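These notes concern the structure reproduced below.
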Amino acid sequence: MTTLQAVILGLVQGLGEFLPISSSAHLVLVPWLFKWTDPGLTFDIALHVGTLIAVVIYFWRDWLQLFIKAFTDAQGKEGRLFWYLAISSVPAAAVGFLLEKKAETIFRSPLLIAIMLIFLGILLYWADRKSAKTIEMKNITLGTSLFIGLSQALAVIPGVSRSGITMTTGLMMGLTREGAARFSFLLSTPIIFGAAVLKLPHIISNPSVITMDFMVGILVSCITGIVSIAFLLRYVLTKDFLPFVWYRFILGVLVIMVVFIRS
């Protein structure tokens, strides 16, 4: 992997993690389309560390307040929200742990990714058009948060998009666009952290993977992640998700065409 490739993949991760277009799909598809050597899941996790740093930097005040309230005012809205986020992270963590091998092999099929890009794009479009969008994040219930957490488990399949499926589910449950996006971003923190911790022993035992390109990818994904979070939270205040739906559909069709051309 060259430094340019690391930069491009860092950009892909930083944009795709928080926009509803699937970062994991792009981390598979970009090397596949350009016939680069697949950097593998460990480098993918490293890039996720960059976006983990991004979401912590952006929401550190929120997390600090939630953590304090969780132990000083557990029955208040912020205290409950902390525990809702913790509970809702469990399904995705369990599925990710159990299906890790499939995530590294079977689920990285470009054809499967293309199908999921299109299917989830249609689902996002439907949810954005039909949902009530009346519930603010601070008024979320345990049932709603747990349902969003369960849906997040589907993101083990590249193309689903962790942010895409959680925002879609949030909209379906009546959250506002901003509420769905903000809850999705906060919910990403524990799951990305867990994935990084899971891979940490491998990285420690193989220090040779920590190259300059490795660090460049993390830095780029972090900076791009902060920008994409700020952009989307402003964007959803006045606009819908249609551009992301079209992007998913066009990319999915393009990938299907390339699969059949190369076969």
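Read-outs throughout are calculated quantities, based only on the coordinates presented, and are distinct from any laboratory measurement. It should be emphasised that the depicted structure is a prediction, and the values quoted were computed from it without experimental measurement. Quick reminder, even Gly has a Cβ in these numbers, built from the backbone with ideal geometry, and neighbours come from all protein chains shown.
Debye-formula intensities of region 25-83, expressed as log10 I(q)/I(0) at q = 0.14, 0.22, 0.24 Å⁻¹, are -0.58, -0.81, -0.88 (one equal scatterer per alpha-carbon, no solvent). Taken about its Cα centre, the chain carries a charge dipole of about 440 debye when Lys and Arg each add +1 at the Cβ and Asp and Glu each add -1 at the Cβ. For the chain, the residue among Q152, L29, L64 whose Cα projects farthest onto the positive side of the dipole built from Cβ charges is Q152. For the chain, taking the reciprocal of the average inverse distance between every pair of different Cα atoms yields a Kirkwood hydrodynamic radius of 18.5 Å. Couplings 3J(HN,Hα) of region 119-133, computed from phi: 4, 6, x, 5, 5, 4, 4, 4, 5, 5, 7, 9, 6, 6, 6 Hz, in residue order, whole Hz [Karplus 6.51 cos²θ - 1.76 cosθ + 1.60, θ = phi - 60°; x for Gly and Pro].
Note on the chain: helix-only mean residue ellipticity at 222 nm, from DSSP H runs of 4+ residues weighted -39500 (n - 2.57) and normalised by residue number, equals -26000 deg cm²/dmol. Protection proxy ranking of 119-130, 237-248, 47-58, 11-22, by the mean of other Cβ atoms within 10 Å over each peptide's residues and highest first, is 11-22, 47-58, 119-130, 237-248.
Most tightly packed first, judged by the mean number of other beta-carbon atoms within 10 Å of their residues, the peptides 225-231, 211-217 read 225-231, 211-217.
Here the Karplus curve 6.51 cos²θ - 1.76 cosθ + 1.60, taken at θ = phi - 60°, turns the phi angles of region 57-74 into couplings of 4, 6, 10, 4, 5, 4, 5, 4, 5, 5, 5, 4, 5, 4, 10, 10, 8, 4 Hz, with x standing for Gly and Pro. Taking only the Cα atoms of region 104-193, the radius of gyration and Dmax are 13.1, 40 Å.
For K130, neighbours were defined as the other residues whose beta-carbon sits under 15 Å from its Cβ, and their charges (Lys and Arg +1, Asp and Glu -1) total +1. Loop-resident trypsin sites (Lys or Arg not before Pro) (DSSP state other than H, G, I, E or B) in region 1-102 with no more than 13 further Cβ atoms inside 10 Å of their Cβ: K35.
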